[in-house]
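**Student:** Please find one structure pasted underneath; my questions will follow.
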Amino acid sequence: MAEPATDSAASELLRVEDLCVHYPVTEGLVRQREVGAVKAVDGVSFHLRRGETLGLVGESGCGKSTTALAVLRMLTPTSGRIFFDGEDITVLAGEPLRRLRRRMQMVYQDPFGSLNPRMRVRDLVGEPLIVHGAGRRSAEYRNRINELLDLVGLLRDMGERYPHEFSGGQRQRIGIARALALEPELVICDEPVSALDVSIQAQVINLLMDLQQELGLTYLFIAHDLSVVRHISDRVGVMYLGRLVETAPKQTLFAKPRHPYTQILLGAVPVPDPAVESTREQPMILGEVPSPRNPPPGCAFHPRCPKAEDRCREQRPRAQSMGQEARVACHLATPQARK
Amino acid sequence: MSEATLPTIGTASARPAPKGLTGRLIQEKPLGAFGGAVFLLFLVCGLFAELIAPYGLNETNMAARLLPPSAEHLFGTDHLGRDVLSRVLIGAQLSMIVGACAAALATLVSIVLGVASGYFGGRTDMLIQRFVDAWMIFPDLLLLIAVISVVGPGMTEIVVVLGLLYGIAGSRIVRGAVITIRENAHTHAARSMGATALHILRRHVLPNIMPVVIVLFTTRVGAAILTEAGLSFLGLGVPPPAPTWGGMLSGTGRTYMYLGPWLALAPGLSLTLVVYAINVYGDALRDLLDPRMRGASGLRGAR
């Protein structure tokens, strides 16, 4: 499991430091005043090595998609820094940003909305190539599209059809082919299988894993389904209310969750054995997610945490290293609590 | 490369040989095809009115006044003994030109304003929309009457005024459609791959607002023809002796309604028929041009 420690810095593809995305809340019709901010992402830090998959999990509204959009630079972060292949891309704009877009692509959640219904599959898959200056009539362009269709397991003559003629799984393959067209280094998958049937989910996940092996891709994989994340990820990050509460290698996280939120999240996954399921003790989560406009002071999770202490209510926990690349933002987690 | 490891899903079903749009129109949307044919008929009649018309435009025959429809005069004659069919045919020319030109201008104005407003948003949107609001305060007919009384009646004047009037109001509809498309995931995807605004407008926004634009255009053709007739009825349309449908309805049609109902029926029915035809044709066209409706037509929507 252990990576060779020597080249860990050299092979780092993405580093996010203290990323914040705050949306101002304004009041007033004529003169707008800022009266607060929705802290969609609030101080998230992580890194991603080449060829690795980092899974980001968390419930709806926890900021995982916003994090992805910030990394993709579809929005400009309020603060914090994003490094891609050693280059600071936090405030990149114009032509350099357009060049960067070639190197990171996204696979979308909605296989229906993310494909233009008026374009043929061939044009959909080739669109990134056209956008970056390929000639529509060149043999090179046509060959590349055939290659991409082969790669994702679609027949070449399907290229002449329109997306509405395909099933959800096939459409997602089209979306993946499109994301791979420019040979990106980083692929951001925003819940790529949550809109699919369970039987199709496995096919698409396996396709993504095969492609990663073959093309040496790096994935930032967002999901709310823990079993999917467990299958595909090397490391997993758990987000809660705009903050990354725990990051750890997959085995560590699932075997020994350290943050109370992670523990509850894992406990919520049903066990596929009725006898065990009916008797096992399920940690209950209390209350509802607070508003990100007015997050609780201290640890954002304290109002719902069964183990909360006084310091949790006052002091915001910093992410502390637990060894083995594991980082936990909880006052109660201690490295020695591991064993 | 990886064919061996990846199962290929789905099979290419045998697709029927692609048919032309006209073939599909006739087969899948008979009513729309009928509408198109009627519209085409009026268009041809209008274009070649001088050749088709059995009698001259102002050829009077005092011996044959107010004759009911007969083999000699299919639509009868009016109070001056002029052939009504000939006048309706030449009136078609005027109505068609006014209708098509005004609707084309209106659609163009709607697209330019609507896309600028909807796609770029922000301050541009604010400025354009407040202007549209101000414009829409005035009732159409009042504005038309006011402008026509100032610039004087004439075909070009009517086309320009109608085009602007419908165009500015219609830009709201285009704007709404553009905003929907702009927020779509596929537009987002195009932006994330580094597409320029021009590419997104050309490949994503414009093709996807086509259904709206087609309906906008066809309804405006009908509306412009009707409004032109209305203006002529009020005496503000294309000035006589040019025969316009509206003018025929208001002048001789109204005066001799009891003596010669065909005088009003001929232009009135022509008006109704052409407006109906263009509307069903537009609806059919919108459905056929949508690739999602391919093969599904007949199941959804009017035929």
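**Student:** Failed condition for A:Leu56, given (1) within 13 Å of the chain's Cα centre (by Cα); (2) within 14 Å of chain B (Cβ to nearest Cβ), with all others met?
**Tutor:** Here A:Leu56 clears every test but (2).
A quick yes/no check of all residues on (1) among the hydrophobic types (A, V, I, L, M, F, W, C); (2) modelled with pLDDT of 80 or more:
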position	(1), (2)
A:Ile264	yes, yes
A:Val269	yes, no
A:Glu281	no, no
A:Ile285	yes, no
A:Pro290	no, yes
A:Pro297	no, yes
A:Pro303	no, yes
A:Pro306	no, yes
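**Student:** Hey, another quick one. Counting just the residues of the range A:186-203 that are β-branched (Val, Ile, Thr) and surrounded by fewer than 21 Cβ atoms within 10 Å (Cβ to Cβ), which one comes out farthest from the other protein chains (Cβ to nearest Cβ)?
**Tutor:** Just the residues of the range A:186-203 that are β-branched (Val, Ile, Thr), to begin with: A:187-188, A:193, A:198, A:200.
If we keep only those that are surrounded by fewer than 21 Cβ atoms within 10 Å (Cβ to Cβ) as well, we get A:198, A:200.
Working: A:Val198: 16, A:Ile200: 9 Å.
Result: A:Val198.
**Student:** Here's another thing I want to ask about it. Could you tell me which numbered condition A:Arg99 fails, if it satisfies all but one of (1) assigned to a loop (DSSP other than H, G, I, E, B); (2) without any contact (Cβ under 8 Å) to a residue 40 or more places away in the chain?
**Tutor:** Going through the list (1) assigned to a loop (DSSP other than H, G, I, E, B); (2) without any contact (Cβ under 8 Å) to a residue 40 or more places away in the chain, A:Arg99 breaks only (1).
**Student:** Filter the range A:49-67 down to residues that are under 18 Å from A:Val245 (Cβ atoms) and surrounded by 21 or more Cβ atoms within 10 Å (Cβ to Cβ), then give me how many there are. Before you say what the answer is, go through the steps one by one.
**Tutor:** Taking the range A:49-67 first, the residues under 18 Å from A:Val245 (Cβ atoms) are A:54-67.
Next, from what is left, pick out any that are surrounded by 21 or more Cβ atoms within 10 Å (Cβ to Cβ): A:54-58, A:62-64, A:66-67.
The total comes to 10.
**Student:** Looking at the structure I just gave you, is B:Gly237 surrounded by 17 or more Cβ atoms within 10 Å (Cβ to Cβ), touching a Pro at 6+ places or on another chain (Cβ under 8 Å) and either of a type in the set (Lys, Arg) or in contact (Cβ under 8 Å) with a residue 60 or more places away in the chain (or both)?
**Tutor:** Values: surrounded by 17 or more Cβ atoms within 10 Å (Cβ to Cβ): yes; touching a Pro at 6+ places or on another chain (Cβ under 8 Å): yes; either of a type in the set (Lys, Arg) or in contact (Cβ under 8 Å) with a residue 60 or more places away in the chain (or both): yes.
Spelling it out, B:Gly237 is indeed surrounded by 17 or more Cβ atoms within 10 Å (Cβ to Cβ), touching a Pro at 6+ places or on another chain (Cβ under 8 Å) and either of a type in the set (Lys, Arg) or in contact (Cβ under 8 Å) with a residue 60 or more places away in the chain (or both).
**Student:** Anything in the range A:204-231 that is crowded, with 20+ Cβ neighbours inside 10 Å and either of a type in the set (Phe, Trp, Tyr) or touching a Ser or Thr at 6+ places or on another chain (Cβ under 6 Å) (or both)? List them, or say none.
**Tutor:** A:Tyr219, A:Phe221
**Student:** Residues to consider are B:Gly56, B:Gly76, B:Gly36; find the one that is at pLDDT below 85, surrounded by 14 or more Cβ atoms within 10 Å (Cβ to Cβ) and over 30 Å from B:Ile179 (Cα atoms).
**Tutor:** On the way: B:Gly56 fails: surrounded by 14 or more Cβ atoms within 10 Å (Cβ to Cβ); B:Gly36 fails: at pLDDT below 85.
Going through B:Gly56, B:Gly76, B:Gly36 in turn, just one is at pLDDT below 85, surrounded by 14 or more Cβ atoms within 10 Å (Cβ to Cβ) and over 30 Å from B:Ile179 (Cα atoms): B:Gly76.
**Student:** Follow-up. Quick one: would you say A:Pro290 is more than 23 Å from the chain's Cα centre (by Cα) and part of a loop (DSSP other than H, G, I, E, B)?
**Tutor:** On the way: more than 23 Å from the chain's Cα centre (by Cα): no; part of a loop (DSSP other than H, G, I, E, B): yes.
Here the answer is no, as A:Pro290 does not meet what is asked.
**Student:** Of the residues that sit in the range A:166-185 and are out of contact with any Ser or Thr (no Cβ under 8 Å at 6 or more places or on another chain) and outside any helix (DSSP H, G or I), which one is farthest from the other protein chains (Cβ to nearest Cβ)?
**Tutor:** By that ranking, first place goes to A:Glu183.
**Student:** Next question, about the same structure. Find the residue count for the range B:30-86, including only residues that are more than 13 Å from B:Gly260 (Cβ to Cβ) and part of a helix (DSSP H, G or I).
**Tutor:** Residues meeting the conditions: 26.
**Student:** Checking the condition surrounded by 18 or more Cβ atoms within 10 Å (Cβ to Cβ) and within 14 Å of chain A (Cβ to nearest Cβ), which residue from B:Thr196, B:Thr187, B:Thr180 passes?
**Tutor:** Values: B:Thr196 fails: surrounded by 18 or more Cβ atoms within 10 Å (Cβ to Cβ); B:Thr180 fails: surrounded by 18 or more Cβ atoms within 10 Å (Cβ to Cβ).
None of the other options fit; the residue is B:Thr187.
**Student:** Another question, then. Which members of the range A:25-50 meet the condition of being of a type in the set (Lys, Arg) and either within 22 Å of A:Leu97 (Cβ to Cβ) or in contact (Cβ under 8 Å) with a residue 40 or more places away in the chain (or both)? Spell out the reasoning first.
**Tutor:** Applying the first criterion (of a type in the set (Lys, Arg)) to the range A:25-50 yields A:31, A:33, A:39, A:49-50.
Answer for the range A:25-50, where residues must be of a type in the set (Lys, Arg) and either within 22 Å of A:Leu97 (Cβ to Cβ) or in contact (Cβ under 8 Å) with a residue 40 or more places away in the chain (or both): A:Lys39, A:Arg49, A:Arg50.
**Student:** Restricting to the range A:204-254, give me the number of residues that are closer than 18 Å to A:Leu14 by Cβ and within 14 Å of another protein chain (Cβ to nearest Cβ).
**Tutor:** 6
**Student:** Quick one: how many residues across the range A:142-165 are more than 11 Å from chain B (Cβ to nearest Cβ) and more than 15 Å from A:Asp123 (Cβ to Cβ)?
**Tutor:** Total meeting the criteria: 1.
**Student:** Quick check: anything in the range A:226-246 of a type in the set (Asp, Glu) and part of a helix (DSSP H, G or I)?
**Tutor:** Step one: filter the range A:226-246 for residues of a type in the set (Asp, Glu), giving A:234, A:246.
Checking which are part of a helix (DSSP H, G or I) leaves us with none.
Checking the range A:226-246: not a single residue is of a type in the set (Asp, Glu) and part of a helix (DSSP H, G or I).
**Student:** Give the number of residues within the range A:51-96 that are touching a residue at least 40 places away in the same chain (Cβ under 8 Å), in a strand (DSSP E or B) and of a type outside the set (A, V, I, L, M, F, W, C).
**Tutor:** Within the range A:51-96, residues that are touching a residue at least 40 places away in the same chain (Cβ under 8 Å), in a strand (DSSP E or B) and of a type outside the set (A, V, I, L, M, F, W, C) number 5.
**Student:** Take the residues in the range A:110-141 that are exposed (fewer than 15 other Cβ atoms within 10 Å of the Cβ) and assigned to a helix (DSSP H, G or I); name whichever of them is farthest from the other protein chains (Cβ to nearest Cβ).
**Tutor:** Taking the candidates together, the pick is A:Ala139.
**Student:** Looking at this structure, is B:Pro139 surrounded by fewer than 20 Cβ atoms within 10 Å (Cβ to Cβ) and either within 14 Å of another protein chain (Cβ to nearest Cβ) or free of Cβ contacts under 8 Å to residues at least 12 places away in the same chain (or both)? Give the steps one after another, and end with the answer.
**Tutor:** On the way: surrounded by fewer than 20 Cβ atoms within 10 Å (Cβ to Cβ): yes; either within 14 Å of another protein chain (Cβ to nearest Cβ) or free of Cβ contacts under 8 Å to residues at least 12 places away in the same chain (or both): yes.
For B:Pro139, the condition - surrounded by fewer than 20 Cβ atoms within 10 Å (Cβ to Cβ) and either within 14 Å of another protein chain (Cβ to nearest Cβ) or free of Cβ contacts under 8 Å to residues at least 12 places away in the same chain (or both) - is met.
**Student:** Criterion first (more than 19 Å from A:Gln212 (Cβ to Cβ) and within 11 Å of chain B (Cβ to nearest Cβ)) does A:Leu72 satisfy it? It would help to see each step written out before you state the result.
**Tutor:** Working: more than 19 Å from A:Gln212 (Cβ to Cβ): no; within 11 Å of chain B (Cβ to nearest Cβ): yes.
Answer is no for this residue.
**Student:** Has the range A:82-104 got any residue that is at pLDDT 90 or above, within 12 Å of another protein chain (Cβ to nearest Cβ), crowded, with 20+ Cβ neighbours inside 10 Å and touching a helix residue (DSSP H, G or I) at 6+ places or on another chain (Cβ under 6 Å)?
**Tutor:** Checked against the condition, which is being at pLDDT 90 or above, within 12 Å of another protein chain (Cβ to nearest Cβ), crowded, with 20+ Cβ neighbours inside 10 Å and touching a helix residue (DSSP H, G or I) at 6+ places or on another chain (Cβ under 6 Å), the range A:82-104 yields no hits at all.
The values are calculated or read from the model by the stated rules, or taken from the named source; none is laboratory data. Nothing here was measured: the structure is a model prediction, and the numbers come from that model. Don't worry about glycine lacking a Cβ; one is built from the backbone with ideal geometry, like all the others, and counts go over all protein chains shown.
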